[in-house]
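**Q** One structure, pasted below without further comment.
The values are calculated or read from the model by the stated rules, or taken from the named source; none is laboratory data. Note that the structure is a prediction, hence the values are computed from the model and not measured. So basically every Cβ, Gly included, is an ideal-geometry build from the backbone, and we count neighbours across all protein chains shown. Heads up: the accessible areas ignore ligands, DNA and RNA and are worked out on the full protein's heavy atoms, side chains in. Shrake-Rupley method; radii C 1.70, N 1.55, O 1.52, S 1.80 Å.
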Amino acid sequence: MKKRLGLLLLCLATPTLADESPLPEVLARLRQSGQATFQYRETRQLELAASPWQASGVMLTDAAGTLVKLQLQPNRVIMAIGGDSLYYWDAAQNQRHSMPISYADDAAMQILIFRNILQGRTQELQADYELTAEIQERQWSLHMQPKPDRAGENAPSIDISGDADPDKRRILIRQADGETTEYHIEKAADQQAAAYTIPQLLQEAGGE
């Protein structure tokens, strides 16, 4: 009788252990406090393009919630969030825009998502997305599926993955129309990080 009772308790306990989610651990790996500079490589698979579009540059973040995406190749473009505003500056096309975050369209919303990912703003991520995580040995991944009632009908799904190296991440963004954008991101070397500052780039983007 005691043996049967022990087996029954073991069977009842097993699902509890199996249901433990790796989500808190994966979200902890995303958290970024203070200032940081990342270098990135971007590849877009566009529906009407014969070959992928590629770009590279750096991203800078700080504790105040600022994010600057500086594209260096194939041409210099700045997209930024500073305070409650979004900024865009394309020197080659002589196009400069700024707007309140509340006016952001679907294209501009991508940089908001990037800020939440790079700075590990988990509450904001969970407000608009259903999050599921997985850890297998040295590899981890986070899948973000937009909530239909919060994220909007054109919101992309996002996969973030990495390994034991905390300075590297892969981000795959799938748009509702099937187009994809893949980023390979890693912390910039000290020399590269020192070449740019957030105030300098915000001034350039704002035309000051």
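**Q** Counting Lys and Arg as +1 and Asp and Glu as -1, each charge on the Cβ, what is the dipole of the chain about the Cα centre in debye, to the nearest 20?
**A** Result for the chain is approximately 700 debye, rounded to the nearest 20.
**Q** Going by average Cβ neighbours within 10 Å, how do the peptides 82-89, 155-162 rank, with the highest at the top?
**A** Most protected by this proxy first, the peptides run 155-162, 82-89.
**Q** For region 76-208, what's the relative contact order in percent, using C-alpha pairs closer than 8 Å and at least 6 residues apart?
**A** 18 percent
**Q** Still on this model: Roughly speaking, what is the centre-to-centre gap between region 37-97 and region 150-208 when only Cα atoms are used, to the nearest Å?
**A** Cα centres, region 37-97 to region 150-208: 8 Å.
**Q** What does the helix-only formula give at 222 nm for the chain: each DSSP H stretch with n ≥ 4 adding -39500 (n - 2.57), the total divided by the residues, and the result rounded to the nearest 500 deg cm²/dmol?
**A** -8000 deg cm²/dmol
**Q** Quick one: Debye curve from the C-alpha atoms of region 24-206, no solvent, what's log10 I(q)/I(0) at q = 0.09, 0.12 Å⁻¹?
**A** Rounded to two decimals, the profile gives -0.31, -0.57.
**Q** Could you work out what % of the accessible surface of region 24-206 is carbon and sulfur, using a 1.4 angstrom probe and leaving DNA, RNA and ligands out of the count?
**A** With neighbouring chains kept in place, the figure for region 24-206 is 44 percent.
**Q** Which of the peptides 191-199, 178-186 is most tightly packed, and how do the rest follow, going by the mean number of other Cβ atoms within 10 Å of each residue?
**A** In descending order of packing, they fall as 178-186, 191-199.
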